[in-house]
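The values are calculated or read from the model by the stated rules, or taken from the named source; none is laboratory data. Quick caveat: nothing in here was measured; it's all calculated off a predicted structure. Note that we place each Cβ from the backbone using ideal geometry, even for glycine, and neighbour counts take in every protein chain shown.
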């Protein structure tokens, strides 16, 4: 029986189109999901659309559309982007879906019945852009810390959630091992929030005609952030389908660092109040900038992920996002950096290794993989064995960049091995020549398996040129990366270069020069 693995990404406001920041989170989660499948787990990967916000309703009104029709159109646009990027998500949940609304009402009622809700007057500082309340200490020069826009004083009658009742349990949660929040810098931020003390928060807003009605008082709707967080439960069937407990709890919530408070304080408190299991981990990634500046329509530096994939290639985009920065850190996109990494890693290192190997197999062995006994001390075999275990360790711990670097250390070593062993000079010793070329071909097979969560076109391309069925990568497991899996006598299929070098003059920049 396969282990289950449930991961989620943050659901997005659909009052605009996705940019690279949205795509980064989804691509990184997709790499995690595919790596977990490679390790033999049954993966459920959920994403969705956050629709019960004032900003979404306003956007629908500006376009003269019924709000539900607008939401459905925008959900189709976002799903279309994720499908074009070949993300392997399991479920896309719209918050306007009646099944989700049922789940929200069920969970909120459960929290109410357990005595964690009361009615009162709320007065606070509210940012309309992120639809969140802030305290004075959260503001930056009096502005919303994320949108840098003025906040407004809002006073209204709401239902409150007794967040303060969970101060101690949350402090204990943040001290547990393994850590509930990663990376460490984000855990420390959450601990600092807790040190400042928790206050009760609004669970509802007065009904505006859009949103999930509070089940015991339909004159109120559930506050949009309460509503949004519950998608992690509704996506697996909570409130509307039997068997949801087989998937919940989530193994990891992958989110941006700007929504730590909601996911690391409010969400676990909600689950504690409802007496439901907590997610095992929250991993908060950083932001991407373009040429050192935050994405801005005014500056004209918003990176469209579809255009990025079209100009550089889907594999180049995915590899760049994972290999360029530490998962959890901020990144700075430039056309120069993606060109450099694509030409260096994919064209010069990986593509060149494949081309040299299949060319020599074609020339010296009639296009077939030779039989050879490659001992455990062989430099490529011994390194490959270590790389497979390092890769497993890195991917399990969300060290995505290090996982990729481990694989490319094997690629670089294989290229160096060609120069050291000089198979072209051993035509008078077919045994030695065959051992060299079998070792290279088998190394490429292992590399293709390890990179299959990232290189959706390149990994099957390597299998094809090695004479293997690319469809095998759909069911392959990490155990299949053991040395010796390439059958001698396999007929290779020499093809075009896997990753031709990109000429900067031939690729139109995604971000116009400043």
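Select the strands (runs of 3 or more DSSP E) contained entirely in the range 106-196, then report the ones holding at least 1 residues which are farther than 24 Å from residue 286 by Cα and in contact with a helix residue (DSSP H, G or I) (Cβ under 8 Å, 6 or more places away or on another chain). Give the steps one after another, and end with the answer.
Details: elements: 117-127, 132-134, 152-161.
Result: 117-127, 152-161.
Rundown of residues vs (1) surrounded by 22 or more Cβ atoms within 10 Å (Cβ to Cβ); (2) without any contact (Cβ under 8 Å) to a residue 12 or more places away in the chain, yes/no style:
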site: 431; (1), (2): no, no
site: 440; (1), (2): yes, no
site: 447; (1), (2): yes, no
site: 455; (1), (2): yes, no
site: 472; (1), (2): no, yes
site: 487; (1), (2): no, no
site: 494; (1), (2): no, no
site: 502; (1), (2): no, no
site: 508; (1), (2): no, no
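What residue, of 432, 441, is under 28 Å from residue 321 (Cα atoms) and part of a helix (DSSP H, G or I)? Talk me through it step by step, then tell me what you get.
Values: 432 fails: under 28 Å from residue 321 (Cα atoms).
One residue alone meets the criteria, 441.
Can you tell me which residues in the range 362-389 are buried (at least 16 other Cβ atoms within 10 Å of the Cβ) and either over 18 Å from residue 445 (Cβ atoms) or in contact with a strand residue (DSSP E or B) (Cβ under 7 Å, 6 or more places away or on another chain) (or both)?
The one that is buried (at least 16 other Cβ atoms within 10 Å of the Cβ) and either over 18 Å from residue 445 (Cβ atoms) or in contact with a strand residue (DSSP E or B) (Cβ under 7 Å, 6 or more places away or on another chain) (or both): 364.
Anything in the range 1-43 that is in a strand (DSSP E or B) and within 16 Å of the chain's Cα centre (by Cα)? List them, or say none.
5, 6, 7, 8, 9, 12, 43, listed by residue number.
What are the pairs with Cβ atoms under 7 angstrom where one residue, in the range 129-144, is at pLDDT 75 or above and the other, located anywhere, is exposed (fewer than 14 other Cβ atoms within 10 Å of the Cβ) and assigned to a strand (DSSP E or B)? Sequence gap at least six, or different chains.
Listed by first residue and then by second, the contacts come to 143/150.
Quick check on my filter: what residues within the range 65-87 are outside any loop (DSSP other than H, G, I, E, B) and either crowded, with 20+ Cβ neighbours inside 10 Å or touching a residue at least 40 places away in the same chain (Cβ under 8 Å) (or both)? Spell out how you get there, then give the answer.
Quick first cut of the range 65-87, residues outside any loop (DSSP other than H, G, I, E, B) only: 67-84.
Of everything in the range 65-87, those that are outside any loop (DSSP other than H, G, I, E, B) and either crowded, with 20+ Cβ neighbours inside 10 Å or touching a residue at least 40 places away in the same chain (Cβ under 8 Å) (or both) turn out to be 67, 70, 71, 74, 75, 77, 78, 81, 82, 84.
Hey, does the range 405-423 have a residue that's in contact (Cβ under 8 Å) with a residue 60 or more places away in the chain, more than 36 Å from the chain's Cα centre (by Cα) and surrounded by 15 or more Cβ atoms within 10 Å (Cβ to Cβ)?
yes
Every residue in the range 330-349 that is over 24 Å from the mean Cα position of the chain (by Cα) and crowded, with 21+ Cβ neighbours inside 10 Å, please.
Hits for the range 330-349: nothing passes.
With the structure loaded, tell me whether residue 103 is at negative phi, more than 30 Å from the chain's Cα centre (by Cα), part of a helix (DSSP H, G or I) and at pLDDT 95 or above or whether it fails that test.
So residue 103 does not fit the description; no.
Look at residue 45 and say whether it is out of contact with any helix residue (DSSP H, G or I) (no Cβ under 6 Å at 6 or more places or on another chain) and within 21 Å of residue 6 (Cα to Cα). Even if it seems obvious, please write down each step before you answer.
Working: out of contact with any helix residue (DSSP H, G or I) (no Cβ under 6 Å at 6 or more places or on another chain): no; within 21 Å of residue 6 (Cα to Cα): yes.
No.
Answer yes or no as to whether residue 57 is over 30 Å from residue 451 (Cβ atoms), surrounded by fewer than 20 Cβ atoms within 10 Å (Cβ to Cβ), touching a residue at least 24 places away in the same chain (Cβ under 8 Å) and touching a helix residue (DSSP H, G or I) at 6+ places or on another chain (Cβ under 6 Å).
Answer is yes for this residue.
What about residue 356, is it more than 17 Å from the chain's Cα centre (by Cα), assigned to a helix (DSSP H, G or I) and under 30 Å from residue 439 (Cα atoms)? Quick ask: steps written out before the conclusion?
Working: more than 17 Å from the chain's Cα centre (by Cα): yes; assigned to a helix (DSSP H, G or I): yes; under 30 Å from residue 439 (Cα atoms): yes.
Yes: the conditions hold for residue 356.
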